[in-house]
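Novice: Before anything else, here's the structure in question.
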Amino acid sequence: MSIQVPRGTQDILPGEVEKWQYIEEVAKDICKTYQYKEIRTPIFESSELFMRGVGDTTDIVQKEMYVFEDRGGRSLALRPEGTAPVVRSFVQNKMFGDPNQPVKLFYTGPMFRYERPQAGRYRQFVQFGVEALGSEDPAIDAEVISLAMQVYQKLGLKNLKLIINSLGDTESRTNHREALINHFKPRIDEFCSDCQNRLEKNPLRILDCKKDRDHELMSSAPSILDYLNDESRIYFEKVQKYLQAMDIEFVVDPTLVRGLDYYNHTAFEIMSNAEGFGAITTLCGGGRYNGLVEMIGGPATPGIGFAFSIERLLAALEAERIALPIEEALDCYFVSLGEEAKDHTVKILHELRNAGFTAERDYLDRKLKAQFKAADRHHAKFVAVLGDEELKNNKINIKNMQSGEQEEVALPEFISYLEKHIRLGGH
Ligand code: HAM
């Protein structure tokens, strides 16, 4: 059998790739209005970064990382997510010393997780994410959430549900952790081996277990919201107040536990409610990670961010039957007949493209009719016909494909003719 793409990966072909470009443009434009600047980090990093950053009790680190040794014996990993690499770069490049604080960054690029492929779940997927480092103002939590919501809304999505939770600060979490251990310990042997391992290491992760989610102890588990100390509670209330001030609807869900270890205080997810959307409804996930910068070797610096994958965003657009306004029309298709005219086409086409028009021509020596068909397939606005006869008279024939009108134009005026009719929309 011929070689196929690896399981869980896909080719993004012309016709489809324009949607990706459009989404990335919209997201980048919104980042500009919020003043987030692009950062690009390597696709592979030292494996240790993710073990420390994402956490070694997480599924990502335990089961899903593509880890390999390079020829120099270093243990490297294809990045499973973008937050730990951005934080590594923040520390390495001493961005904490930048006078502009908080440091607001965005990124887009492929991430890799060895997961069981299914609809909405790939082994290589493209995340768009933002990270704001250096501020512990609840207004930045609300800003980050509003940025994510704005991307989705700009693209036309309507069936969205924003859920938020607070995981509290260290003190709140320690108290909650103890309550969780006391709750699960007496009957932990009824849980899966992963949960048994998590009990002492990270009991919060038990709440996120897919195998045991229907166990009766799950719904009666102590809620983090009952363990928030005053500071954490006030912080969470402020985040909610700011979301309300921006008219962003949300639901507080105390069972929202994110799959990565670095979170505290605000955690959030945006889900799709669209009918017919697959089983995996989370479009976007994020939260606050005060402590991560320190864990990766920098000075204590608070941070918050989110990421979403373009794959799931496209699935949500499809479920809501939203067509993106992608312009595919070609300004001018060049039909040439005869040897001399063909030679001359090289020069005119070059001038046309230099002037910024989208232009295409025939390279297969097709007949007149077939060249016109090709122009149709390209959705050409104008077709320019140059034959040896026209060339002799220094003229070119131009057909407006929408109106069907044809005109003969002096060759030296060809570009200004198109300028008038395409750029200025005149007739
Ligand atoms: P995450 O929840 O692991 O968080 O992933 C964020 C988003 O990436 C998901 O909501 C989903 O859209 C997408 N995603 C994850 N796995 C896959 C997959 N296998 N196939 C397709 N899409 C996927 C993070 O990665 C954190 N770094 C987010 C963050 C940024 N938190 C703070 N800052």
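Novice: Under a Cβ-only charge scheme (Lys and Arg +1, Asp and Glu -1), can you give me the dipole magnitude of the chain about the Cα centre, in debye to the nearest 20?
Specialist: Numbers: 53 positive and 66 negative charges, 103 e Å.
That gives a dipole near 500 debye.
Novice: List the residues whose amide H sits under 5 Å from the amide H of Phe382, counting only those 5 or more places along or on another chain, with H placed 1.01 Å from N in the peptide plane.
Specialist: Distant-sequence amide H within range of Phe382: Cys332, Tyr333, Met401.
Novice: Right, next: Tell me which of Ser2, Tyr333, Ala319 sits at the most positive position along the dipole axis of the chain, charges placed on C-beta atoms (Lys, Arg +1; Asp, Glu -1).
Specialist: Going by the charge dipole, the pick is Ser2.
Novice: For every helix of n ≥ 4 consecutive DSSP H residues, a contribution of -39,500 (n - 2.57) applies; sum these over the chain, divide by its total residues, and give [θ] at 222 nm rounded to the nearest 500 deg cm²/dmol. Could the numbers behind the result be given before it?
Specialist: On the way: 14 runs with 145 residues, N = 427.
Taking each H run of at least 4 residues, the total per residue is -10000 deg cm²/dmol.
Novice: Simple spin-label model, 7 Å along Cα-to-Cβ: Arg213 to Ile12 in nm?
Specialist: 2.8
Novice: Rounded to the nearest 0.05, what FRET efficiency do Arg40 and Tyr66 give with R0 = 22 Å and r taken as the Cβ-Cβ distance? Could you check?
Specialist: Working: r = 20 Å, r/R0 = 0.89.
Once rounded, the FRET efficiency stands at 0.65.
Novice: Follow-up. Using the Karplus curve 6.51 cos²θ - 1.76 cosθ + 1.60 with θ = phi - 60°, what ³J(HN,Hα) values do you get for each residue of segment 339-355, in whole Hz, with x for Gly and Pro?
Specialist: Going residue by residue, I get 4, 5, 4, 4, 4, 6, 4, 3, 5, 5, 4, 4, 5, 4, 5, 4, 7 Hz, with x marking Gly and Pro.
Novice: Give the shape of the chain as rounded, prolate or oblate, defined through the alpha-carbon gyration tensor: a ≥ b ≥ c are the square roots of its eigenvalues, a/c under 1.5 means rounded, and otherwise the shape is prolate if a/b is larger than b/c and oblate if not.
Specialist: Details: a/c = 2.57, a/b = 2.38, b/c = 1.08.
Prolate, since a/c reaches 1.5 and a/b exceeds b/c.
Novice: Around Asp362, which amide H atoms from residues at least 5 apart in sequence, or from another chain, sit under 5 Å from its own amide H, with H modelled in the peptide plane?
Specialist: Counting only residues 5 or more places away or on other chains, the set is Phe334, Ser336.
Novice: Ordered by packing density, taken as the mean number of other Cβ atoms within 10 Å over each peptide's residues, highest first, how do 311-324, 113-126 rank?
Specialist: Values: 311-324: 18.0, 113-126: 16.3.
Going from most to least packed, we get 311-324, 113-126.
Novice: Step through the residues of segment 297-314 one at a time and calculate ³J(HN,Hα) from phi using the Karplus curve (6.51 cos²θ - 1.76 cosθ + 1.60, θ = phi - 60°), rounding each to whole Hz and writing x for Gly and Pro.
Specialist: The phi angles translate into x, x, x, 3, 9, x, x, 8, x, 8, 8, 9, 9, 5, 4, 6, 5, 5 Hz.
Novice: Return the long-range amide H neighbours of Asn264 (sequence gap of 5 or more, or a different chain), with a cut-off of under 5 Å between placed amide H atoms.
Specialist: Arg288, Tyr289, Asn290
Novice: Can I ask one more? What pairs from Lys104/Lys210; Lys63/Lys161; Lys392/Lys420; Lys63/Lys211; Lys63/Lys158 go past 27 Å between their alpha carbons?
Specialist: Working: Lys104/Lys210 34 Å; Lys63/Lys161 29 Å; Lys392/Lys420 25 Å; Lys63/Lys211 16 Å; Lys63/Lys158 35 Å.
Those over the limit are Lys104/Lys210; Lys63/Lys161; Lys63/Lys158.
Novice: Taking R0 as 22 Å, what's the FRET efficiency between Glu190 and Lys161 from their Cβ-Cβ distance, rounded to 0.05?
Specialist: On the way: r = 32 Å, r/R0 = 1.44.
Taking R0 as 22 Å, the efficiency between Glu190 and Lys161 is 0.10.
Novice: Now a separate question. With each pseudo-label sitting 7 Å past Cα toward Cβ, what's the Val346-Asp226 distance in nm, one decimal?
Specialist: Placing both labels 7 Å along Cα→Cβ, they lie 8.1 nm apart.
Novice: Modelled label-to-label distance, Asn273 and Glu408, 7 Å Cα→beta-carbon offset: nm?
Specialist: 6.5
Novice: Label segment 1-98 by shape, choosing from rounded, prolate and oblate, from the square roots a ≥ b ≥ c of the eigenvalues of the Cα gyration tensor; if a/c is under 1.5 it is rounded, and otherwise prolate applies when a/b is larger than b/c, oblate when it is not. Don't jump to the answer; show the numbers that get you there.
Specialist: Values: a/c = 2.15, a/b = 1.03, b/c = 2.09.
Taking the square roots of the gyration eigenvalues as a ≥ b ≥ c, segment 1-98 is oblate.
Novice: Residue by residue through segment 166-181, what is 3J(HN,Hα) from phi via Karplus (6.51 cos²θ - 1.76 cosθ + 1.60, θ = phi - 60°)? Round to whole Hz and write x for glycine and proline.
Specialist: Going residue by residue, I get 10, 9, x, 8, 4, 4, 4, 5, 4, 5, 5, 4, 4, 4, 5, 4 Hz, with x marking Gly and Pro.
Quick note: the coordinates plus some simple rules give every number you see, no bench work behind them. Here the structure is a predicted model, which is why all the values come from computation and not from measurement. FYI the Cβ positions are ideal-geometry reconstructions off the backbone, even for glycines, and counts take in every protein chain you see.
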